[in-house]
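A.B. asks: Okay, here's the structure, questions in a sec.
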Amino acid sequence: MLTLPVIVERAEQPYVAIRRRVTIPFGEAIGPIMGQLFGAIDSQSIQASGPVFFKYNIVAMPELEIEFAVPTATKLPVASPLLSGVLPAGRYAQLTYWGHYDNLIEANAVLIGWARHKGIAWDATEAPDGDHFAARVEIYPNGPDDEPDPDKWETTVAIKVRD
C-alpha cells in the first residue's frame, strides 16, 4: 500500500552513518553493515533520535552509494568507521509505503514518476559515475526486528526537491 506523493518541508537532520557502495540486490549486505553501524554507535555512546534510514548519495543503477544511518539530536564528532552528516532542510517529495522491502524499487518509481509528471526537479546533479542526490532517503519507522508481518513494514521515501 502507498500513500499519495506530497511535497513536505523537512527540518535539517543531523545523523551518523556508515557509507558503502553496493549493487542491487543488496539485501545480504544490510545485516553486516547495520551490525557494524550499531556496534560503532554503542562503542561511541551515541544516542539515536529517530528511526534508521538509508541515504542514497549516488545512483547509477544497479550500483549505489548509500549511507546506512541513524538520526542524532545534534551533529556529532565521530570516529571511524562512522561519519557525521546533516540532511539538508528544505522541500521534499515523499510518500509512505507499507510492505516488504523487495517492492521499494516500485515505490521509488511511483514517487519519481509523479514528480516527472508534475515537472518537479530533484536537488541532484548528473555525473559520469551516476546521479548525485543532495538528499534521497528511505526512512524505516519499523521493520522485521519489531514487526513480524512484512505487510506492516513502513517506509517513507523522500527526495529533496531543487529550490
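The values are calculated or read from the model by the stated rules, or taken from the named source; none is laboratory data. Note that the structure is a prediction, hence the values are computed from the model and not measured. With ideal geometry, Cβ positions are generated from the backbone for all residues, glycine too; neighbour counts draw on all protein chains shown.
A.B. asks: May I ask you to say which residue of Gly50, Gly31 is closer than 28 Å to Asp151 by Cβ, modelled with pLDDT under 95 and out of contact with any Phe, Trp or Tyr (no Cβ under 8 Å at 6 or more places or on another chain)? Step through it out loud before you land on a result.
C.D. replies: Numbers: Gly50 fails: modelled with pLDDT under 95.
On inspection, the qualifying residue turns out to be Gly31.
A.B. asks: Can you list residue pairs whose Cβ atoms sit under 6 Å apart, with the first residue in the range 94-112 being of a type in the set (Ser, Thr, Tyr) and the second being crowded, with 17+ Cβ neighbours inside 10 Å? Count only pairs 6 or more apart in sequence or on different chains.
C.D. replies: Within 6 Å, the pairs are Thr96/Thr156; Tyr97/Ala107; Tyr97/Thr155.
A.B. asks: Taking the range 136-155, which residues are touching an Asp or Glu at 6+ places or on another chain (Cβ under 7 Å) and under 22 Å from Val86 (Cβ atoms)?
C.D. replies: Going through the range 136-155, the residues touching an Asp or Glu at 6+ places or on another chain (Cβ under 7 Å) turn out to be 141-142, 153, 155.
Within the range 136-155, Pro141, Thr155 qualify.
A.B. asks: Within the range 3-28, can you find the residues that are modelled with pLDDT of 95 or more and either surrounded by 15 or more Cβ atoms within 10 Å (Cβ to Cβ) or touching a Cys at 6+ places or on another chain (Cβ under 7 Å) (or both)?
C.D. replies: Answer for the range 3-28, where residues must be modelled with pLDDT of 95 or more and either surrounded by 15 or more Cβ atoms within 10 Å (Cβ to Cβ) or touching a Cys at 6+ places or on another chain (Cβ under 7 Å) (or both): Pro5, Arg10, Gln13, Pro14, Tyr15, Val16, Ala17, Ile18, Arg19, Arg20, Val22.
A.B. asks: Right, something else. Report the residue count in the range 65-84 for those that are assigned to a strand (DSSP E or B) and either at pLDDT below 95 or within 22 Å of Pro144 (Cα to Cα) (or both). Show your work before the answer.
C.D. replies: Here is the first cut: in the range 65-84, the residues assigned to a strand (DSSP E or B) are 65-71, 83-84.
Okay, now just the ones that are also either at pLDDT below 95 or within 22 Å of Pro144 (Cα to Cα) (or both), so 66-71.
Matching residues across the range 65-84 total 6.
A.B. asks: OK, next. I'd like to know if the range 44-64 contains one or more residues that are over 19 Å from Val157 (Cβ atoms), of a type in the set (A, V, I, L, M), touching a strand residue (DSSP E or B) at 6+ places or on another chain (Cβ under 7 Å) and assigned to a strand (DSSP E or B). So that I can check it myself, show each step before the final result.
C.D. replies: As a first pass, look at the range 44-64 and keep what is over 19 Å from Val157 (Cβ atoms): 44-49, 63.
Imposing the further condition that a residue be of a type in the set (A, V, I, L, M) reduces the set to 46, 48.
Okay, now just the ones that are also touching a strand residue (DSSP E or B) at 6+ places or on another chain (Cβ under 7 Å), so 46, 48.
Next, only the ones that are assigned to a strand (DSSP E or B) stay: none.
No; the residues of the range 44-64 include none that is over 19 Å from Val157 (Cβ atoms), of a type in the set (A, V, I, L, M), touching a strand residue (DSSP E or B) at 6+ places or on another chain (Cβ under 7 Å) and assigned to a strand (DSSP E or B).
A.B. asks: Moving on. Counting residues that are touching a Phe, Trp or Tyr at 6+ places or on another chain (Cβ under 7 Å), which strands (runs of 3 or more DSSP E) fully inside the range 98-154 reach at least 2? Give the steps one after another, and end with the answer.
C.D. replies: Numbers: elements: 124-127, 130-133, 136-139.
The qualifying strands (runs of 3 or more DSSP E) are 136-139.
A.B. asks: Moving on to the next point. Quick check on the range 122-155: of everything there that is in contact with a Lys or Arg (Cβ under 8 Å, 6 or more places away or on another chain) and among the charged types (D, E, K, R), which residue is farthest from Trp98 (Cα to Cα)?
C.D. replies: Keep residues of the range 122-155 that are in contact with a Lys or Arg (Cβ under 8 Å, 6 or more places away or on another chain), which gives 122-124, 133-137, 142.
Now narrow it down to the ones that are among the charged types (D, E, K, R): 123, 136.
Numbers: Asp123: 26, Arg136: 18 Å.
It comes out as Asp123.
Residue-by-condition table, conditions (1) more than 15 Å from Met1 (Cβ to Cβ); (2) acidic (Asp, Glu); (3) touching a Cys at 6+ places or on another chain (Cβ under 8 Å):
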{"site": "Gly113", "(1), (2), (3)": "yes, no, no"}
{"site": "Ala124", "(1), (2), (3)": "yes, no, no"}
{"site": "Val137", "(1), (2), (3)": "yes, no, no"}
{"site": "Pro150", "(1), (2), (3)": "no, no, no"}
{"site": "Glu154", "(1), (2), (3)": "no, yes, no"}
{"site": "Val157", "(1), (2), (3)": "no, no, no"}
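This table checks each residue for (1) in contact with a Leu (Cβ under 7 Å, 6 or more places away or on another chain); (2) loosely packed, with under 13 Cβ neighbours inside 10 Å; (3) modelled with pLDDT under 95; (4) within 23 Å of Ile24 (Cα to Cα).
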| position | (1), (2), (3), (4) |
| --- | --- |
| Val86 | no, no, no, no |
| Arg91 | no, no, no, no |
| Leu104 | no, no, yes, yes |
| Leu111 | yes, no, no, yes |
| Ala121 | no, yes, no, no |
| Ala124 | no, no, no, yes |
| Glu138 | yes, no, no, yes |
| Asp145 | no, yes, yes, yes |
| Ile159 | yes, no, no, yes |
